[in-house]
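One structure is given here, and the rest of the page talks about it.
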Amino acid sequence: MFWTVNNALLEAMGTTLQLFALTLLFSLPLGLVIAFGSMSKWAPLRFLSRFFRVPGIFKGLAGFRPIHFLVDVVVWIIRGTPLMLQLLLIYFGPGLIFDNNIWGSGNGGRFVATVAAFVLNYSCYFSVIYRGGIEGVPVGQREAGQVLGMTRPQIFFKITLLQMVKRIVPPMSNEIITLVKDTSLARIIAVSELIKVGESFMKSDGLIWPLFYTGVYYLVFVGVLTLLFGYVERKLGYFR
Amino acid sequence: MSILQVQNIQKHFGNVNVLHNISFELEKGQTLAIIGSSGSGKTTLLRCLNFLETPDEGRICVAGETLFDAKDPAAQKEKEIRRKRLHFGMVFQSFHLFPQYTALENVMLAPELLAKEEKDFKSRKKEILQDIRSRAEDLLRQMGLEDRASHYPHELSGGQQQRVAIARALAMNPDIMCFDEPTSALDPELTGEVLKVIRGLSQAKTTMIIVTHEMAFARDVADRVIFMDNGVVVEQGEAREVIDHPKEERTKRFLARYSAEGSMRT
């Protein structure tokens, strides 16, 4: 029996790993885009401040930054509601509202919808970590790049990026480890990840230990990740 | 003709008038020291020259070319400013070396990025990069840092870091080198080595503007001195003349405080 359970769980671990890897693959870069959005200084109504020196409504309008505002509202909604709810809405929403299940049927569709929900959710959390990392790099670094005639992309990629990465490794490791365990939420729309498969032995064979045995899988996975983060932190320890 | 002409620069931060009608000129090969108490606008003036701040009024010309004119906002596009900045080199009070690069890489980074934009870069890549490298090594040698080339900034003393920063600025071959209190973040022992390097640049006829609190140094090294107070130029003239025989009451008071505190080091 142990090997039957173990093989089933190994297969489920494959699904969990895929969900984990695909979420990271898309949300790590998307989070950076969202971070830039929330730092956007674009204020199309700024010209108003020239005409109205008086404080009040015009000053508020002149300082209005639409991209920053929009992004912050999205981040608020995503961070402010449970991931499980977002997962349900993303999977069932299109079918319920537009009578059009864009995700396709079967396990494939469920998995794609899950990845979409996870990417959206995690990129919002990552964006805040990125922003903290970018804002933590001293202004002097950017100015030093500027006076050397570097362009904004050059300054970001050649100077800021690595310093940001160094700063965000600890909070990112927290968030990524949380993601490992959040993958279990996918079972709400019947994706066969670890917990769902472990639980299934309760119904089919009356066994409870497979469910708790999944904990070992999570522990080993997080253990490997922890070693990896330690390695990255040591690698980036060559500068201060 | 003077290499730098600054005309009627004005700068406000909110309601505070930081710079008021600043005008001066600088001849090629000369060293200009800007002195004055903290908050007098010296650093802001230097930042205006380097396009880190945008003046509200005034004009800045280098070698006859108008780099900045407050009346012509169209010419203040990011892309153009970037090239114009290269007329000036800037050395900051707290160095701002890039921590993830070695001393040599710090010096080579900007010249390499600039070279990559040249049309013939691909065909002459090796040669160009080799030139940049040997020039960077020369500059570090000139700074007395040839054995520190592969060190990271956190492995260097403050004085060494500042000398790397000077080499980094020189690597872009600016027309005018600007120093913003280059020794204020250093303890007295390390101040000397940085001042020695700047003195050497001055003797080599590098055109320089130095914001400094080192009065004795300004007197020795600078050709001209500007004394600023509350955002205005109170007095300017030949360095020894202004420091030894100030005419204005405010300059006298400022300089008296320095000699009284015994900070007139030689």
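The values are calculated or read from the model by the stated rules, or taken from the named source; none is laboratory data. Everything quoted here is computed from the prediction, not taken from an experiment. No Cβ is skipped: glycine too gets one built from the backbone with ideal geometry, and neighbour counts run over all protein chains shown. We work out accessible area using only protein heavy atoms, side chains counted, and drop any ligands, DNA or RNA first. Shrake-Rupley method; radii C 1.70, N 1.55, O 1.52, S 1.80 Å.
If each DSSP helix of 4+ residues adds -39,500 (n - 2.57) and the sum is divided by the residues in chain B, what number results at 222 nm, nearest 500 deg cm²/dmol?
About -11500 deg cm²/dmol.
Given charges of +1 on the Cβ of Lys and Arg and -1 on the Cβ of Asp and Glu, with all other atoms neutral, how large is the dipole of the protein assembly as shown about its Cα centre, in debye to the nearest 20?
Using only the charged Cβ atoms, the result is roughly 700 debye.
Within the protein assembly as shown, what percent of beta bridges assigned by DSSP are antiparallel, to the nearest 5?
Restricted to the protein assembly as shown, the bridges split so that about 60 percent are antiparallel.
Per residue in the range B:76-99, which ones lose no less than 20 Å² of accessible surface when going from chain alone to all protein chains (1.4 Å probe)?
B:78, B:82, B:85, B:86, B:92, B:96, B:98, B:99
What are the principal axis extents of the Cα atoms in the range A:2-239, in Å, biggest first?
Largest first, the range A:2-239 extends 75, 53, 26 Å along its Cα principal axes.
Report the one residue of A:32, A:121, A:200 whose Cα lies farthest in the direction of the positive end of the charge dipole of the range A:2-239 (charges on C-beta: Lys and Arg +1, Asp and Glu -1; origin at the Cα centre).
Positive-most Cα among the choices belongs to A:32.
In whole percent, and with a 1.4 Å probe on the protein chains, what portion of the accessible area of the range A:2-239 is carbon and sulfur?
Ligands and nucleic acids excluded, carbon and sulfur reach 69 percent.
Rounded to the nearest 10 Å², what accessible area does residue A:74 show when all protein chains are kept and the probe is 1.4 Å?
70
Taking the C-alpha atoms of chain B, how large are the radius of gyration and the largest Cα-Cα span, Dmax, in Å?
When restricted to Cα atoms, chain B yields Rg and Dmax of 18.9, 62 Å.
Kindly count the pairs of lysines across the range A:2-239 whose alpha carbons are less than 27 Å apart, treating pairs on different chains or eight or more residues apart as eligible.
Value for the range A:2-239: 10.
Leaving ligands, DNA and RNA out of it, work out the accessible area of residue B:150 with a 1.4 Å probe and give it in Å² to the nearest 10.
90
Relative to a virtual label point 7 Å from the Cα of residue A:72 in the Cα→beta-carbon direction, which members of the range A:5-41 show backbone nitrogen distances below 17 Å?
Answer for this model: A:34-41.
Given the DSSP H assignment, sum -39500 (n - 2.57) over each helix run of at least 4 residues in chain A and divide by its residue total; what's the result at 222 nm in deg cm²/dmol, nearest 500?
-25500 deg cm²/dmol
Can you tell me the length gained on complete extension of the stretch residue A:25 to residue A:207, counting 0.36 nm per residue apart and subtracting the Cα distance?
Result: 61.9 nm gained on full extension.
May I ask you to give the solvent-accessible area per residue for the range A:2-239, in square angstrom, as obtained with a 1.4 angstrom probe?
Value returned for the range A:2-239: 54 Å² of accessible area per residue.
To the nearest 100 Å², how much accessible surface do chains B and A cover up together, summed over both, with a 1.4 Å probe?
2200
Rounded, prolate or oblate: which one fits the range B:9-88, using the alpha carbon gyration tensor with axes a ≥ b ≥ c (rounded when a/c is under 1.5, else prolate when a/b beats b/c, else oblate)?
Taking the square roots of the gyration eigenvalues as a ≥ b ≥ c, the range B:9-88 is oblate.
Any idea what the dipole of the range B:1-82 comes to, in debye rounded to 20, about its Cα centre with Lys/Arg Cβ at +1 and Asp/Glu Cβ at -1?
Taking the Cα centre of the range B:1-82 as origin, the dipole is about 180 debye.
Ordering B:118, A:11 by accessible area with a probe of 1.4 Å, largest first, what comes out?
Ranking B:118, A:11 by accessible area, largest first, yields A:11, B:118.
With both bridge residues required to lie in chain B, what share of the DSSP beta bridges run antiparallel, to the nearest 5%?
Counting DSSP beta bridges with both partners in chain B, the antiparallel share is about 60 percent.
Quick one: order B:62, B:234 from most to least accessible surface, probe 1.4 Å.
Largest accessible area first, the list is B:234, B:62.
Taking K and R as +1 and D and E as -1, what net charge do the other residues with C-beta under 12 Å from the C-beta of residue B:125 add up to?
-1
Any idea of residue A:26's accessible area? Nearest 10 Å², probe 1.4 Å.
About 110 Å², ignoring ligands and nucleic acids.
Show the residues, 5+ positions off or on another chain, whose built amide H is closer than 5 Å to the amide H of residue B:98.
none
In the range A:123-151, which residues give up 10 Å² or more of accessible area once the other protein chains are added, compared with their chain alone (1.4 Å probe)?
Those residues are A:140, A:141, A:143, A:144, A:146, A:147, A:148, A:149, A:150, A:151.
How many percent of the accessible area of the range B:115-240 is carbon or sulfur, using a 1.4 Å probe?
Here it works out to 42 percent.
Give, ordered by residue number, each residue of the range B:100-126 whose 1.4 Å probe accessible area is reduced by a minimum of 20 Å² on adding the remaining protein chains to the chain alone.
B:100, B:101, B:109, B:110, B:113
List the pair-distance distribution P(r) of the protein assembly as shown, using every Cα-Cα distance, as the percent of pairs falling in each 20 Å bin from 0 up to the bin containing the longest distance, rounded to whole percents.
Taking all Cα pairs of the protein assembly as shown, the binned fractions are 18, 40, 27, 13, 2, 0 percent.
Excluding same-chain residues fewer than 8 positions from residue B:42, which lysines have a Cα within less than 28 Å of its Cα?
Reachable lysines: B:11, B:28, B:71, B:77, B:79, B:84, B:196, B:205, B:247, B:252.
Report the net charge of residues surrounding residue B:11, where surrounding means a beta-carbon distance below 11 angstrom and charges are Lys +1, Arg +1, Asp -1, Glu -1.
-2
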